[in-house]
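Worksheet: one structure, shown below.
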Amino acid sequence: DSLGTHTIPVQAACGVLSGAVSAFATNPLDVLRTRIQTGGSRSLVKVSKKLWAEEGVSMFTKGLTARALSMSTSSLLIIMGYETVKRLSFRDRSERTLQTALY
């Protein structure tokens, strides 16, 4: 478009995808943080070993669906809000520039 940006649906899809990717990337650390906070242990290594022994690889996926949905939704809303405000501000600037040029 005239702003050199992608269309709204493309930006919306990117917002959802970025939220999901960040959820997948940070979920294992979030699981460990939560277990440390609720389990009473202060050792990241001890909590990691205990989780690995009890749950194996599935320890990394605890709560992942809810986290991915939450982060995708919030990323979508943030990007759409930002892009809407940006487009409205450029439209106001363009209209003022046009009015100034006409007078």
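The values are calculated or read from the model by the stated rules, or taken from the named source; none is laboratory data. Fair warning: this is a prediction, and the values are worked out from it, not measured in the lab. Keep in mind that these areas ignore ligands, DNA and RNA; they rest on the heavy atoms of the full protein, side chains included. Shrake-Rupley method; radii C 1.70, N 1.55, O 1.52, S 1.80 Å.
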Quiz item: What share of Cα pairs, in percent, lie more than 24 angstrom apart in the stretch 1-95?
Solution: 44
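Take Glu83, Glu54 and sort them by solvent-accessible surface of the protein heavy atoms, 1.4 Å probe, largest at the top. Numbers along the way, then the final one.
On the way: Glu83 15, Glu54 120 Å².
Listed by decreasing accessible area, they come as Glu54, Glu83.
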